[in-house]
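Following: one structure in structure tokens, then a few remarks.
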Amino acid sequence: MATIKNIHDYSDIINRPYKKSKKYKHMSQKDRAAQFAPFAALTGHKQLIHETQRITEEKREIDENKQQILNQKLNYFIETKEKVKKNLRAVAKELIELYAKREKAKGYAFSKDTPWQSQFENSFPYQETDDQLRCIEEVKKDMENQRPMDRLLCGDVGYGKTEVAIRAAFKAVMDHKQVAYLVPTTVLAQQQYEEFRDRMAEFPIKVDILNRFKSKKYQDEVVKKLKLGEVDIVIGTHRMLSKDVEFKDIGLLIIDEEHRFGVKAKEKIKEYKSNIDVLTMTATPIPRTMHMSIVGIRDMSVIYEPPHNRKPVQTYVLEYDQEVIKEAITKELERDGQVFYIYNRVDTIQKKADEISRLVPEAKVSYAHGRMSGNQIEEIMQDFIDKKSNVLVCTTILESGIDIANANTIIVENADRMGLAALYQIRGRVGRSDRQAYAYITYRKDKMLSEEADKRLKAIKEFTEFGSGFKIAMRDLEIRGAGSLLGEIQSGHLEQVGYDTYCNLLDEVVKEMQGTEIESDIDIQIDLNVTSYIPDEYIEDSAQKIEIYQNIALCRKEEDIQNVVDEIIDRFGNMPAELENLLDIARIKYLAKPFSISKIASKRTAVVFTFEQSKYEIDLQKLLKTYKNRIKFSPGIKTMITLEIGTTNERQILNDVTEFLKQL
């Protein structure tokens, strides 16, 4: 009998009759086989037995409480899912109606490209990226279809979305249709107007601008010309959505950064969408927009490639420090560059500009904000473009689309008060040339950041590489949840069940309401004798660990696995064996899915594959030929195939299981 050293080593002590003549105690020690001892041998340990029995009872109570709590949580999640599903039925009804309306709607099918189109496209002074060319083709294909286009073009800031829009606009005008290009800010409207006008200067195309900063007389003249069909392309702000604006024959609406428009503007846009082609462009698709694209209600094109010779913006997230700000501005001015300084308080913006002038005396500081007149803003911006000033202190009027290649340092004050999409857009104002650009994202010293603000700042620092806009939008979803897919009803249900469950539920409800049969998703149970997890010493931060677990769980094909592997190695270095095993299990899961396998489990030196009887479809002859006596077939309520591995070596088990599934 083992010597009793620690009472807590024993999980249970029970009376059990043994060999009829004596009563023995059964004592099971943690991680050891059961051990027996006659009562006589335990006479000196009565106190120990009573104490052990007391602990056992307590342990049982604790386990029961844990189970109760677990059941409560499970029931709460099931109830929440049902509530979300009920809410989604209302959303889905509207979605289906919108989708059905769009499918049935007959729009205008544009003609194939004209020789002028080729001539115009060849005049583009830069080399297009492959992604740009693919997106242009996708947009043109939609335009040539009779069904009205509703395409979302997602591309990082400075990736050449405007060129896709310009070519689509040119194509529309070639068929004598008018184009409306809607932008969120006056400054951007001016810039895009100049870009369109200059690109189309050699062709008989009339481009004009419409915004609240133009004189009443000018605006009235443009409105009149639009109605008569004397303007082919109009670029404007919210002013373009006013009741007095009518087109003679509009064929294409281009929207830049739809999330920047208010509720009324969006409702007006929605009216347009029912029968004309719409192209929406964004660097950070807002959750609603992106959600609709993901669920398949809206078509989506993505530009992943950066233009040639472009460098990612070096981003620093830090407490506000005057010395750091001084050094950042001085460093940029020394290389004859320019600086954007984002300060979002109109009442003290002049004071801030004066403060920077004192801090860096050699700087030529100007400032701008949204309460200034249109002429004032245009003049200040033009001076900055002409390098008459080299530090521009401004509010977030800068957020959308301003393109000044010589400005390569941006400083953001009180960044914790800004949304993630806004921060991302603002940072995108620099780094638009082959020079290294810098972003200083600051918050007030000693300020206690809210959890949301902290997450936003971490995300902006984390996503500095090219193509981060899409990831930013996904992270935005996680941080603030998604609103309603349609209109402005905020649902908040996403936060309760998580993004993937929300998407799956919506997809399920849409199919259910369309009368499509929903296949029950088999949850494959993997119970192999292998160690698979993320060790603490490899990734200490629990939030990062959960993120990696989620990424692995979302793998649906080999490309997904490789992307996760690349990301893990890039962020954390070479992977430990346990994590490699976990990735192999993810691979096994997606390989098993098409064959309706419900369970893969180790059994001594073999592995048993359990199939759903109703769906199982495999070529047994092929398997027998390949594996001979290594496999055993067991028909029944659930078909089982046992594969003999012949070893308990973890690597061998994973390799053999993967290979077996590939053979199926």
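Spatial offset of region 138-182 relative to region 598-646 amounts to 53 Å, using the alpha carbon center of each. Here region 532-592 has 47 percent of its accessible surface on carbon and sulfur atoms, given a 1.4 Å probe and all protein chains in place. Site pair W116 and Y218 shows an inter-label distance of 2.7 nm when each label is modelled 7 Å from Cα along Cα→Cβ.
The peptide list 199-205, 318-324, put in order of mean Cβ contacts within 10 Å with the highest first, becomes 199-205, 318-324. Pairs exceeding 18 Å between alpha-carbon atoms, taken from K638/K662; K557/K593; K603/K625; K140/K206: K638/K662; K603/K625; K140/K206. For the peptides 572-582, 158-168, the ranking by mean Cβ contacts within 10 Å, running from highest to lowest, is 158-168, 572-582.
K101 to K248: FRET efficiency via 1/(1 + (r/R0)^6), r the Cβ-Cβ distance, R0 35 Å, to the nearest 0.05?
0.90
Between Q146 and K447, the simple spin-label model (points 7 angstrom out along Cα→Cβ) gives 5.7 nm.
Each of the peptides 244-254, 643-653 was scored by the mean count of other Cβ atoms within 10 Å over its residues; in descending order, highest first, they stand as 244-254, 643-653.
The values are calculated or read from the model by the stated rules, or taken from the named source; none is laboratory data. What you see is a predicted model; the values in this text were computed from it and never measured. Using ideal geometry, Cβ is built from the backbone for each residue, glycine included, and neighbour counts are taken over all protein chains shown. Ligands, DNA and RNA are excluded from the accessible area calculation, which covers all protein heavy atoms including side chains. Shrake-Rupley method; radii C 1.70, N 1.55, O 1.52, S 1.80 Å.
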